[in-house]
Amino acid sequence: MNDSGQNMYFSAARAVAWRYLHNLYSKPAVFIPGLVFPLFFLAAFAGGLSAVGDTPRFDYYDFTAFQFGFILIQASSLAGVFVGFSIAADFEQGMGRRLMLATSRRSAILLGYAAGAALRLIVVWVIITGVSLLAGMEVRGNGYDLAGMYMLGLLSNVVALLFSAGIAFRFRSLQAGPLMQMPVFIALFLAPVYVPQDLLTGWIEPVARVNPVTALLNGARSLMAGEPTGILLAYGVAAGMIALLGIWALRGLRKAEMAG
Amino acid sequence: MGQGARKAQPNGIEVEGLVREFKNGPRAVDGIDLTVEPGEIYGFLGPNGAGKSTTVHMLTTLLPPTAGSARVAGLDVATQGAEVRKMIGAALQEAALDPNLTGREHMKLQTALHGLPKAQRARRGDELIERVGLSDAADRRVGGYSGGMKRRLDLALALVHGPRVLFLDEPTTGLDPQSRASLWAEVTRLSVEDGVTVFLTTQYLEEADQLANRVGIIDAGRIAAEGTPAALKAEIGRPSVEVLPVDPARRPEAEEILLRFGTAVPASGEALSVRLNDGIEVLAAIVRSFDSAGIELASLGLNEPTLDDVFLAKTGRHLEGAGEADSGEMPLPEAEPAGAA
Ligand SMILES: Nc1ncnc2c1ncn2[C@@H]1O[C@H](COP(=O)(O)OP(=O)(O)O)[C@@H](O)[C@H]1O
Ligand SMILES: [Mg+2]
């Protein structure tokens, strides 16, 4: 790509991101579904379930902070899934064709959605962090730790976004919504959500051990505590999934091109 | 046209053996060949389901061909899609618009998608909105636009990057006569003044006849006939002559004379009509025959053949009523919603 080609590419991506955000902020209700689950969890944990934190073998310093790790990864992933919904809706309603016709390099469309999603994510983070702090969350990590933690949130967002975009490009219909959402939900809950990994027992223990979400979750929690452990693993897992799902999403885009 | 001239203005379309077969579906386009000269308005005429939109989708790189090849502005649609898209603009049959955005916001989106320099975007958008007569509605959401307004906006959007080839898929279907006339004028201006090549599909005979320099008639995925409207009509349809004798008692005699020149066809009211065996050059002989028989005529009319006659001759069916739902008749004007301007 030459210079002017590059300018065109990023201009198209910015245009896609602009529209995504414009439609989001003109209908703020769109934020609600992506926040309902994370905030519900926060409320549930702050209430009755916080008793878990009093059990002797629970060795994390603060139960709300422990849950925040999960809420951050969950809210960030869900925000990524909702981008898949937007892509599917665009193809269902015809805007997909406008984007396909007007962009000379079509991967700019995917980049644009991803950029829009990242900006949307900032709002989500502000809300869940604010509510958690109000609920009395204690933060031990320093600025670098926290930046690393939010970065893991961003990476989970990209992972979920690429996964659901791949489905959206293949089905080009909102009917594929559950196909985007369910696997992400299942992966999230097959991780050490309520208690640290060491305390897991039964069938979930081996599942959680190989679940990539576990690495992200443990990494985020250790950063929140200011005692980073398993960070390389967390970032490595995220990078690997982004590479694989990036291919999945771009192949989906090719499929959408073939289908007209 | 020589090679040099083609290089200087390489915005034609060349299609060879183009095929599109849908999975579990029909061979929607079944081996078509056509050439559109630079700056020409090409009318692609055919009934519903003939394969017009599928052809447009292949030529605009939205759909890869199953077989055959197509070059738009000298670029291969299958292998040079990104370059083709820089050269073309398209307004598809179902205008792809976002009901949440205003007309002006659509312009902003489209100019950015095409990578126009930031400084030019707003001016270009306003200029085109003005040109299609949407200035008053520019800041309203498209969800509240009438069908005609959406089509005009879609056309304006297709023009933002100054495309050299323009694809319009049934641009006037459902438009009121006024909107149709202004769209025809704009298409003609683009072709004549800007040298834009226009590939336009239509189900309307009148549109192909009046707007297009050349017409391709498509039926069931194949090109049934191609040429200028005049040449097509001259090739197939012969004109008919209709006369009305002043004295009704002399009708049988008049009919006898007319039948020497052609075969009887239905006529209006008391008149008599024949489809001529030869061209209009026999008109003088017809007039002389009535004169020498002393039959006075109240009226004498010459009816040129229509593209429907051409369609009938090539496919054995009338274009009108050939489609599933739509007829070839121009539709009644659609009602604009209250407050639309
Ligand atoms: N995506 C598709 N899958 C299957 N069949 C299709 C598809 N698109 C169009 N067709 C079929 O191809 C034929 C030509 O359609 P189309 O090109 O839309 O015709 P036109 O635009 O002339 O009305 C029709 O029989 C239509 O049903
Ligand atoms: Mg069509």
Working only within the stretch B:93-109, note down all residues that are touching an Asp or Glu at 6+ places or on another chain (Cβ under 6 Å), more than 11 Å from B:Leu157 (Cα to Cα) and open to solvent by 20 Å² or more (accessible area, probe 1.4 Å).
B:Gln93
I'm told A:Val158 meets every condition in (1) more than 14 Å from the chain's Cα centre (by Cα); (2) assigned to a helix (DSSP H, G or I) except one. Can you identify the failing condition by its number?
(1)
Of the residues A:Phe185, A:Phe163, which single one is in contact with a Gly (Cβ under 9 Å, 6 or more places away or on another chain) and either within 14 Å of chain B (Cβ to nearest Cβ) or in a helix (DSSP H, G or I) (or both)?
A:Phe163
Given the criteria in contact with a Gly (Cβ under 6 Å, 6 or more places away or on another chain), of a type outside the set (Phe, Trp, Tyr) and not in a helix (DSSP H, G or I), does A:Arg170 qualify?
no
Against the condition open to solvent by less than 40 Å² (accessible area, probe 1.4 Å), in a helix (DSSP H, G or I), under 27 Å from A:Asn142 (Cβ atoms) and not polar (S, T, N, Q), how does A:Leu232 come out, does it pass?
no
Got a number for residues in the stretch B:162-176 being surrounded by fewer than 20 Cβ atoms within 10 Å (Cβ to Cβ) and either under 15 Å from the mean Cα position of the chain (by Cα) or modelled with pLDDT of 90 or more (or both)?
3
Kindly indicate whether any position in the stretch A:78-95 is surrounded by fewer than 17 Cβ atoms within 10 Å (Cβ to Cβ), touching a residue at least 12 places away in the same chain (Cβ under 8 Å) and away from every other protein chain (no Cβ under 14 Å).
no
Considering only the stretch B:30-44, I want to know if a residue exists there that is within 12 Å of ligand 2 (Cβ to nearest atom), crowded, with 23+ Cβ neighbours inside 10 Å and within 14 Å of chain A (Cβ to nearest Cβ).
no
Residue tally, condition open to solvent by less than 10 Å² (accessible area, probe 1.4 Å), near ligand 2 (Cβ under 9 Å from one of its atoms) and not β-branched (Val, Ile, Thr), over the stretch B:53-69
0
Would you mind finding the one in B:Ile280, B:Ile223 that is touching a residue at least 12 places away in the same chain (Cβ under 8 Å), closer than 30 Å to B:Ala67 by Cβ and open to solvent by 40 Å² or more (accessible area, probe 1.4 Å)?
B:Ile223
When the stretch B:231-272 is examined, which residues are found to be hydroxyl-bearing (Ser, Thr, Tyr) and either surrounded by fewer than 19 Cβ atoms within 10 Å (Cβ to Cβ) or touching a Cys at 6+ places or on another chain (Cβ under 7 Å) (or both)?
B:Thr263, B:Ser268
Checked the stretch A:235-260 for anything over 15 Å from A:Leu111 (Cα atoms) and away from chain B (no Cβ under 14 Å); matches are A:Tyr235, A:Gly236, A:Val237, A:Ala238, A:Ala239, A:Gly240, A:Met241, A:Leu244
Selection from the stretch A:96-112 of residues open to solvent by 20 Å² or more (accessible area, probe 1.4 Å) and more than 7 Å from every other protein chain (Cβ to nearest Cβ) yields A:Ser107, A:Leu111
Could you tell me which of the residues A:Leu174, A:Leu154, A:Leu121 is open to solvent by 40 Å² or more (accessible area, probe 1.4 Å) and either without any contact (Cβ under 8 Å) to a residue 24 or more places away in the chain or over 30 Å from B:Thr61 (Cβ atoms) (or both)?
A:Leu154
In this structure, is B:Arg164 more than 10 Å from chain A (Cβ to nearest Cβ), under 27 Å from A:Ala88 (Cβ atoms), in contact (Cβ under 8 Å) with a residue 40 or more places away in the chain and charged (D, E, K, R)?
no
The lone exception for B:Gly49 - which of (1) surrounded by fewer than 22 Cβ atoms within 10 Å (Cβ to Cβ); (2) closer than 30 Å to A:Val30 by Cβ; (3) not polar (S, T, N, Q) it fails:
(2)
Which residue, of B:Thr201, B:Thr228, is buried (at least 23 other Cβ atoms within 10 Å of the Cβ) and under 20 Å from B:Gly12 (Cα atoms)?
B:Thr201
Check A:Gly219, A:Gly252, A:Gly226, A:Gly202 and return the single one that is more than 30 Å from B:Glu21 (Cβ to Cβ), assigned to a helix (DSSP H, G or I), of a type outside the set (Ser, Thr, Tyr) and open to solvent by less than 60 Å² (accessible area, probe 1.4 Å).
A:Gly219
First in the stretch B:100-112 and facing chain A (nearest Cβ under 9 Å) and in contact (Cβ under 8 Å) with a residue 24 or more places away in the chain, second anywhere and of a type outside the set (Asp, Glu) and part of a loop (DSSP other than H, G, I, E, B), Cβ under 6 Å, 6 or more apart
B:Gln110/B:Val160; B:Thr111/B:Val160
Looking at B:Glu270, B:Glu242, which is the one that is in contact with a Gly (Cβ under 7 Å, 6 or more places away or on another chain) and closer than 19 Å to B:Ile295 by Cα?
B:Glu242
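The values are calculated or read from the model by the stated rules, or taken from the named source; none is laboratory data. Not measured: the values here are computed from a predicted model. Here the Cβ is made from the backbone with ideal geometry for all residues, glycine too, and neighbour counts use every protein chain on show. With ligands, DNA and RNA removed, areas are computed over all heavy atoms of the protein, side chains included. Shrake-Rupley method; radii C 1.70, N 1.55, O 1.52, S 1.80 Å.
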